[in-house]
């Protein structure tokens, strides 16, 4: 959402940013990276969600505010032209859409139409998207495939943004990093990032992943980016000790720009993140997706392969990295600009 927020600020359109607190710790870093000036309005005051218990407590509080206090967070429209923007496939997405409905404000879903067609993979993201589709008035779809996935939702106005706004975020980060001194030489290292519910909270699956990471570290130095929830889970299960190796570097989660700088110089990446899959497809970096399925099409059969937790798939990937290295993708059209053109009628100007 950062490039959309930046563009709205540059146009001086009226804007209110609601913060659910799902990823509270990373918000300030993102604001600093993208020079976002608008202050956040927290719906509730909470710590970052790093466990199932914290998620349940956070969700309960948010549901209360969503169902009974929407009017405190979304003011009654003075012009009749207000719209609430929600993004992606998290619980925050559904809650924002419900809040829009309860306040009689139109809901626009950004990054809409993505599907895995498997309600358990990814879980609960696939269910979150299906629920959000039912609450959406306008769907900004990142490509023809996503656009067609919503063809049976006749009450939704569909707009094809050609690509995801993540493309604009990546361009901005790469340009910012190019303007700084690149003190890191390109080395033989890989980056790992894992945070998904189905990977962290199924111990059998998490054990499989740790085994695979140790195999990968026999061939490359592995920089493991620890999301707060990932770190907490590895410590609780005792599996963090399994990663004690000279070839495995544990690194706390970084800001977006620093993360992109690290990834842009790596040999390959192991990730379970859909956004990472998309970013890496634009950069042409070999990617092993630590999942059974994905709701995104970017990079599949070019630079990205789905691991399915299979050791043979991992070894084949490592032996054939050049096969999965592709040219950088260049897009002239900005998905953010397409979205802003359609949002202009909702402004007071």
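Figures for the structure shown
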read-out: Residue 302 being within 28 Å of residue 34 (Cβ to Cβ), part of a loop (DSSP other than H, G, I, E, B) and in contact with a helix residue (DSSP H, G or I) (Cβ under 9 Å, 6 or more places away or on another chain); value: no
read-out: Subset of the stretch 306-349 (residues that are touching a strand residue (DSSP E or B) at 6+ places or on another chain (Cβ under 6 Å) and free of Cβ contacts under 8 Å to residues at least 40 places away in the same chain); value: 306
read-out: Verdict on residue 21 being modelled with pLDDT of 80 or more and surrounded by 17 or more Cβ atoms within 10 Å (Cβ to Cβ); value: no
read-out: Helices (runs of 4 or more DSSP H) completely within the stretch 191-254 that count 1 or more residues being closer than 20 Å to residue 280 by Cα; value: 203-217
read-out: Subset of the stretch 107-140 [in contact with a helix residue (DSSP H, G or I) (Cβ under 6 Å, 6 or more places away or on another chain) and either assigned by TED's automatic domain parsing to the domain that holds residue 290 or under 12 Å from residue 93 (Cβ atoms) (or both)]; value: 107, 109, 114, 128, 131, 132, 135
read-out: Matching residues in the stretch 289-316 - criterion: being farther than 24 Å from residue 142 by Cα and surrounded by 20 or more Cβ atoms within 10 Å (Cβ to Cβ); value: 307, 314
read-out: Criterion violated by residue 98 - all others in (1) surrounded by 19 or more Cβ atoms within 10 Å (Cβ to Cβ); (2) touching a strand residue (DSSP E or B) at 6+ places or on another chain (Cβ under 8 Å); (3) at pLDDT 90 or above satisfied; value: (2)
read-out: Breaking point among (1) closer than 25 Å to residue 230 by Cβ; (2) surrounded by fewer than 17 Cβ atoms within 10 Å (Cβ to Cβ); (3) at pLDDT 80 or above, for residue 34; value: (2)
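The values are calculated or read from the model by the stated rules, or taken from the named source; none is laboratory data. Predicted model only: the values in this text are computed from it and were never measured. As a convention, Cβ positions derive from the backbone with ideal geometry for all residues, glycine included, and neighbour counts pool all protein chains shown.
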